[in-house]
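Below: the structure, in structure tokens.
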Amino acid sequence: MTADNPLSGRLDDDDYPAYSMGRAAEMLGTTPGFLRAIGEARLISPLRSEGGHRRYSRYQLRVAARARELVDKGTPIEAACRIVILEDQLEEARRINAEYRRAASDESTPAPHAKVHSTSGSVRGSG
């Protein structure tokens, strides 16, 4: 692969929507219906291909896998999605808090800025 190749760097990008719905469901050991349901619950927002098909990133597959773990343990899908969203928000808040603590201990370091993933309150999407 050369540096001018449009795929250069995308293969390592967790947010690149590389997987079709069928492939994503297969990788997760679930059904396309499960992926549609967590999309409807606004846990993930897959991008659409030019043909209108859903495309999923590796990050979204990890999020979906966590939701599936909870559903497999008997948690209703809506509750599982909310739990995963709250876990993600807590992780981000802890990261920001750690950055602020580092900045406060070193007055010469500017305060960090939060990385906004989406306005819907869902876990970051690829679009």
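The values are calculated or read from the model by the stated rules, or taken from the named source; none is laboratory data. Bear in mind the structure is a predicted one, so any value in this text is a computation, not a measurement. Here Cβ is always computed from backbone atoms with ideal geometry, including for glycine, and neighbour counts include all displayed protein chains.
Residues in the range 90-115 that are modelled with pLDDT of 95 or more and among the polar types (S, T, N, Q): how many?
Of the residues in that region, 1 qualify.
For the range 29-55, enumerate the residues that are closer than 18 Å to residue 85 by Cβ and either free of Cβ contacts under 8 Å to residues at least 60 places away in the same chain or touching a Cys at 6+ places or on another chain (Cβ under 8 Å) (or both).
Across the range 29-55, the qualifying residues are 34, 35, 36, 37, 38, 39, 40, 41, 42, 43.
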